[in-house]
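The structure appears right after this line, and notes come after that.
The values are calculated or read from the model by the stated rules, or taken from the named source; none is laboratory data. Owing to the predicted nature of the structure, the values given are computational and were not obtained by experimental measurement. Positions of Cβ are backbone-derived with ideal geometry, glycine not excepted, and every protein chain shown enters the neighbour counts. Accessible surface areas use protein heavy atoms only, side chains included; no ligands, DNA or RNA. Shrake-Rupley method; radii C 1.70, N 1.55, O 1.52, S 1.80 Å.
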Amino acid sequence: MSFPTEGGTPSRLVAAPAPTLCLDFANTRYWRGSGAPTESLVDFTALERWLEGAGVVDARTGASLQALRRTDPGVAQRLFDDALQLRELLYCLFAALAGGTQPAAETQALGDWLAGTPPRRHWVLEGQRAGWRVPMVSPVASEVLAPVLWSAADLALATQRVRLRQCANEKCRWLFVDDSKGGSRRWCSMSTCGNRAKVQRHALRKAGRSLP
């Protein structure tokens with residue numbers, strides 16, 4: 001497998017990750033509280049498409065990853081398996097933090113993952129070209145998903161300054177940052193879980209009961 005090169009060294013330009021990129025990744029498996037959670041990352045191709053769509057990898061790196069799936073399916077499968085393992089770690093970590101606890105095992109595990117990310121030493125700020133120029137020499141999850149890991153570390157360290165939440169719908173359990181003015185947001189979205197709760201409350205009121 002070959003990655004794009006610059007100056008003779010395999011590298012890629014990585015945009016600064018969005019603060020909630022790690023939650024977006026954790027939420028790729030959703031309706032976690034239901035009997036049958038919905039999986040969006042069903043295979044390596046789905047993972048690569050998500051990475052490219054989320055800006056974790058650019059189009060050239062995405063093409064290299066797709067080539068890896070064809071030329072070395074064993075390595076691609078390990079990358080896929082490790083990516084899902086990381087996703088579950090992040091979900092457990094941030095679900096715990098949203099609940100007001102700090103799980104030692106997940107915190108340590110995230111530190112171990114971060115140790116495998118490329119260093120952010122060289123930055124690029126040239127008009128539309130903006131981001132971190134990082135080495136990219138191994139198709140492993142800690143390198144490919146480095147922006148997800150960076151955002152996870154930044155968000156975990158900022159939990160005293162942000163309102164980390166889980167959707168109040170027990171069947172949903174979506175993770176999000178509450179940026180509402182009053183800090184009282186309970187639902188992943190008012191158009192989905194919020195509306196369901198509204199309809200349920202209305203039905204219960206008509207029946208002379210109320211939600212707990």
Within the chain, excluding any trypsin sites (Lys or Arg not before Pro) found in a DSSP loop (not H, G, I, E or B) and having at most 11 other Cβ atoms within 10 Å, the longest uninterrupted segment runs 1-120
Taking R0 as 41 Å and r as the Cβ-Cβ distance between Trp31 and Leu114, the FRET efficiency 1/(1 + (r/R0)^6), rounded to the nearest 0.05, comes to 0.90
One finds, for Thr38 and Leu125 with R0 = 35 angstrom and r their Cβ-Cβ distance, a FRET efficiency to the nearest 0.05 of 0.35
With +1 on the Cβ of every Lys and Arg and -1 on the Cβ of every Asp and Glu, the dipole magnitude of the chain about its Cα centre, in debye rounded to the nearest 20, is 1320 debye
Computed over the chain: longest principal axis from alpha-carbon atoms vs helix 59-71 long axis, angle to nearest 10 degrees, is 80 degrees
Per the helix-only model, the chain has a calculated mean residue ellipticity at 222 nm (DSSP H runs of ≥4, -39500 (n - 2.57) each, divided over all residues, rounded to the nearest 500) of -13500 deg cm²/dmol
Expressed per residue, the solvent accessible area of the chain in Å² (1.4 Å probe) is about 55 Å²
Its Cα gyration tensor gives segment 120-192 an equivalent ellipsoid whose semi-axes in whole Å, largest first, are 32, 16, 12
Helix 195-206 sits off the longest principal axis of the Cα atoms of the chain, rounded to the nearest 10 on a 0 to 90 degree scale, by 10 degrees
